[in-house]
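The values are calculated or read from the model by the stated rules, or taken from the named source; none is laboratory data. All values reported here derive from a predicted model rather than from experimental measurement. Here the Cβ positions follow ideal geometry from the backbone for every residue, glycine too, while neighbour counts run over all protein chains shown. What goes into the accessible areas is simple: the full protein's heavy atoms, side chains included, and nothing from ligands, DNA or RNA. Shrake-Rupley method; radii C 1.70, N 1.55, O 1.52, S 1.80 Å.
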Amino acid sequence: MTPRTKEQNEEIRLRRLAQIRKAAADVFLNKGPLLEIRDVAAQAGLGYGTVYHYYSNKGDLLHDLLWDALDRAGEWLEVPMEALHDSDAGMAPAGGHFRLAAAADTGNSAAAGSRSGSRVTAAELGPVAAAGVRLLQLWAEDHALYLLHKLAGEGFAALPEGRSIPLLAAFRREVLTPLAALLRSGHAADGAAASGGNAAEPQDLLQHAEMLLAALVGCASLSLRRGKLHEEARDIARLLKL
């Protein structure tokens, strides 16, 4: 039997890590901090020793799961840069535009593909509502993304301070700041009318972004547990009047 190459071993390692993290997200959704490594092994269909080889404690597993999710978290917004005010330039991501990403390949790709026909656009709902619906649908497909947003609203208190602070700063940069720019763009007219023409301050917009995500997390919880979040995403957007 031909020995595996270094590249093949690395591919297997990365695939196993993705399998373990996906299983951990599913378990954490139901058990929260009570999650144990043996629960993850059972969910992933792996031996306890296999999972323990990669993660000897749940703190390291949760930390890596959240950072991995953050890599996918900033691409669910789709707003042309020309729609943003010049004053928002400091809030825009370096790529020059916001993108509405396809579902991440985290073991849910088949489900994501079957739902591609329900993809939403800003033209149908308005940019804020469309982004909100798509985010909810991504949460249905990728539970790690939901956990990232849920735990961000709690300041990542489940992690030690030395790990939570860098993660929270990165979440603010990659998720909250672009969302604040979208809120300014999507609600510019309403904001001007309500404030007599005075635009909201950047700090206020960040707070609004935090509150919006917290509201989405709260509304998504029940639908997610029932397995209905993808179908009920638009109802949630209407409920929140996005």
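In segment 172-181 there is at least one residue matching the filter, namely being open to solvent by less than 20 Å² (accessible area, probe 1.4 Å), assigned to a helix (DSSP H, G or I) and without any contact (Cβ under 8 Å) to a residue 60 or more places away in the chain.
Report, by residue number, each residue of segment 211-232 that is of a type in the set (A, V, I, L, M, F, W, C) and over 15 Å from Leu29 (Cα atoms). Outline the logic, then answer.
Initial filter on segment 211-232 (of a type in the set (A, V, I, L, M, F, W, C)): 211-217, 219-220, 222, 224, 229.
Of everything in segment 211-232, those that are of a type in the set (A, V, I, L, M, F, W, C) and over 15 Å from Leu29 (Cα atoms) turn out to be Met211, Leu212, Leu213, Ala214, Ala215, Leu216.
Name every residue in segment 186-242 that is at pLDDT below 80 and within 21 Å of Glu154 (Cβ to Cβ), in order of residue number. Listed by number, the list holds a single entry, Gln203.
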